[in-house]
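Written out below as C-alpha cells is the structure these notes cover.
The values are calculated or read from the model by the stated rules, or taken from the named source; none is laboratory data. Just so it is clear, the structure is predicted and the values come from calculations on it, not from any experiment. We place every Cβ from the backbone using ideal geometry, glycine too, and count neighbours over all the protein chains shown. Quick note on the areas: whole protein, heavy atoms, side chains included, nothing else; ligands and nucleic acids left out. Shrake-Rupley method; radii C 1.70, N 1.55, O 1.52, S 1.80 Å.
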Amino acid sequence: MDCLEFLQTTIAKKELPTYVYGYPSKRAYRAFRQPLRITDVAEQASRSKQINIYIHIPFCRYRCTYCTLFLTTRHRQASRESYVARLVELVGRYGEYFGDREVVSIYFGGGSPTLLTQHQFGELFVALDAAFPKRNPRCEITVESAPDSFDNNLLDCLKVLGVNRMSMGIQSMEPGELAHSGRPYSVETAKAAIEALIERFSHVNLDLIYGLRGQTRDSWILSLCRVLDYAPQTISLYPVVVRPMTSIITSKAHNPELFFSEAEKYEVYDQNVALMASKGYRQESFTRFTKIAGDQAYRQEVSDFEGTPLLGLGAGARSYFGQYHYSTDYAVNWSAASPIIDAFSARPFDPHAIASHGIRLTQEDLARRYVLLGLTLSALSRKNYAAVFGRALAADFCEELEALERLQLVDLADGDTYQLTHTGFKYSSIMARIFYSGTIVALEEQYQAA
Ligand code: SF4
C-alpha cells in the first residue's frame with residue numbers, strides 16, 4: 001500500500017493510533033553488542049554547544065489503570081535516598097564531560113517527582129548547578145507532579161530552586177472517573193493542587209484524559225471546563241490509550257460499552273479544538289494547547305528537534321546523542337521494574353559502560369525522525385533539512401509529502417516550511433506512521449513487554 005492509500009484508508013476507518021511524540025519508541029531498543037562508552041556519545045555531541053537534561057524519578061504512590069510509564073509503587077525512604085544519591089553522583093560525573101555546554105532545559109519526569117523531599121531536590125540542584133553552571137537565560141526547568149504528591153512548602157522550595165514550569169496530571173475532575181482510573185484522591189484535592197501551582201508558577205501545564213471508563217461526553221466537557229476556569233498557560237488533552245499490561249485493558253474487555261469508540265474520540269477531539277480556540281488557546285500539537293505567546297510551550301521538545309543532545313539520568317530515562325538513543329532496560333510490570341531501579345541505584349558510573357540498551361540509528365532513520373518531529377512542531381523547513389542532511393527534502397520524502405499535500409494535511413508556508421493544517425493536527429498520529437522505516441516497525445512489533 002502506498003502512502004496516499006494508507007492515509008486515505010486509515011483516516012476513513014477512523015483509527016486512532018497511539019500518539020507519536022518521538023521516534024523511535026523504546027520498544028525499538030535492544031541490548032548493545034558492546035556497552036556504550038562515554039567517548040561514543042561525546043563524539044556524537046561534539047558539534048553542539050548546548051544540552052538538555054532529563055531526570056527520571058520512577059516512584060508513584062499507586063499505578064493508574066491506564067499507565068505504562070516506567071515506575072514502581074513499592075519504594076521506601078531508603079530506596080528513594082539511594083536513588084537520589086546515585087543521581088547526584090551521575091550529575092557530577094557527566095558534568096566532567098558535558099559541563100561546558102549551555103543547559104537549555106531540565107525536566108524532572110516520572111513517576112511523580114514531587115514525592116521527593118525538599119532536601120532531595122536541594123541536593124540535586126546543588127549538583128546540577130556545580131556540574132552544569134552555564135544556563136541559557138530562558139532555561140526551562142520543569143517538574144511533573146500528581147495532585148496528591150506535594151505540599152505547598154515543597155512548591156515554595158521548587159520555586160526558590162529555579163523551577164519555572166510545573167506539569168500536573170489531572171486526568172478528570174469527576175470523582176467516579178478518578179476512582180475508576182485508580183486515583184485515590186478527591187476532586188477537592190485536585191482543585192487545591194491546581195490553585196497552589198497557579199499561585200506560584202508562571203507556566204503551569206495540566207493534563208487531562210478523555211475516554212476514561214464511564215466517562216460521557218457531558219462529564220468530559222465538565223472536567224475540561226472546570227480546568228479551564230483556572231486558565232492555566234498550557235493544557236494537554238490526551239485520548240486514553242488502552243495498552244497491554246494495564247488494568248484498563250481488562251476493564252475494557254469486560255465492559256466495552258463504558259469506553260468511547262475511536263470514532264467518538266475523534267468527535268470529542270473536534271469539540272476540544274473548538275472549545276480551546278474559543279478560550280484563546282493556540283493548538284501546538286494533537287494534544288497540546290497553550291496561551292504562551294510567541295514561543296513554544298515545551299522547549300525541551302523543540303531543542304531536541306533542533307539537534308541538541310538530551311542527557312537522560314535515572315532508571316528508564318532516555319538519552320539522545322546523535323545516532324545513539326539509549327536508556328536502562330525497560331519494564332511495565334513492577335516485579336520487572338523494581339530490580340532495574342535497584343540495579344541503577346547500586347551501579348556506580350563507569351565511563352566504559354554507560355548503557356547496555358538502546359539503538360544506533362542509521363542516517364536514514366535520523367532523517368525520518370527529523371521530518372516526523374519537524375512536522376509535529378510545524379517547523380519542517382526545506383532549507384534547514386538540506387543544511388542538516390545535505391540533500392533535498394523533496395528528493396528524500398517525495399511520495400510522503402505529496403500524499404500529505406494532496407490530502408491537505410500540510411501547508412507549505414512561505415514556500416519553505418511545512419505546517420500542519422487543522423486536519424493535519426487531527427490525523428497526526430496516523431500521518432506519523434508513514435515516516436517509520438521498515439526496520440523500526442519490525443523492532444517495535446517484535447518487542448515483548450515485561
Ligand atoms: S500518577 Fe502519573 S506516573 Fe504515576 S501511575 Fe498515575 S499516570 Fe502513571
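Quick look at the numbers
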read-out	value
Candidates Arg61, Arg27, Arg76, Arg93, filtered to the one that is away from the ligand (no atom under 16 Å from the Cβ), closer than 22 Å to Leu124 by Cα and touching a residue at least 40 places away in the same chain (Cβ under 8 Å)	Arg93
Options Leu412, Leu404; residue that is touching a helix residue (DSSP H, G or I) at 6+ places or on another chain (Cβ under 8 Å), of a type outside the set (Gly, Ala, Ser) and open to solvent by less than 20 Å² (accessible area, probe 1.4 Å)	Leu404
Of all residues in region 102-120 being more than 16 Å from the ligand (Cβ to nearest atom) and surrounded by fewer than 21 Cβ atoms within 10 Å (Cβ to Cβ), the one that is nearest to the chain's Cα centre (by Cα)	Glu102
Residue in region 32-54 that is within 16 Å of the ligand (Cβ to nearest atom), open to solvent by 20 Å² or more (accessible area, probe 1.4 Å), modelled with pLDDT of 95 or more and not basic (Lys, Arg) present	yes
Strands (runs of 3 or more DSSP E) enclosed by region 293-380 - at least 1 residues per element that are within 19 Å of Gln44 (Cβ to Cβ), of a type outside the set (S, T, N, Q) and open to solvent by 40 Å² or more (accessible area, probe 1.4 Å)	355-360
Matching helices (runs of 4 or more DSSP H) fully within region 1-107 where at least 3 residues are under 30 Å from Lys426 (Cα atoms)	3-12
Complete set of residues in region 243-270 that are open to solvent by 70 Å² or more (accessible area, probe 1.4 Å) and either outside any helix (DSSP H, G or I) or touching a Leu at 6+ places or on another chain (Cβ under 9 Å) (or both)	Arg243, Pro244, Met245
Where a residue in region 177-197 is farther than 19 Å from Tyr230 by Cα and among the small types (Gly, Ala, Ser) and its partner, wherever it lies, is open to solvent by 10 Å² or more (accessible area, probe 1.4 Å) and in a loop (DSSP other than H, G, I, E, B), with Cβ under 6 Å and at least six apart	Ser181/Cys64; Ser181/Thr65; Gly182/Tyr62; Gly182/Cys64; Gly182/Thr65
Test: Ala231 is in contact (Cβ under 8 Å) with a residue 40 or more places away in the chain and farther than 25 Å from Phe286 by Cβ	no
Hits in region 139-157 - residues which are under 22 Å from Glu301 (Cα atoms) and either more than 16 Å from the ligand (Cβ to nearest atom) or among the polar types (S, T, N, Q) (or both)	Cys139, Glu140, Ile141, Thr142, Ser145
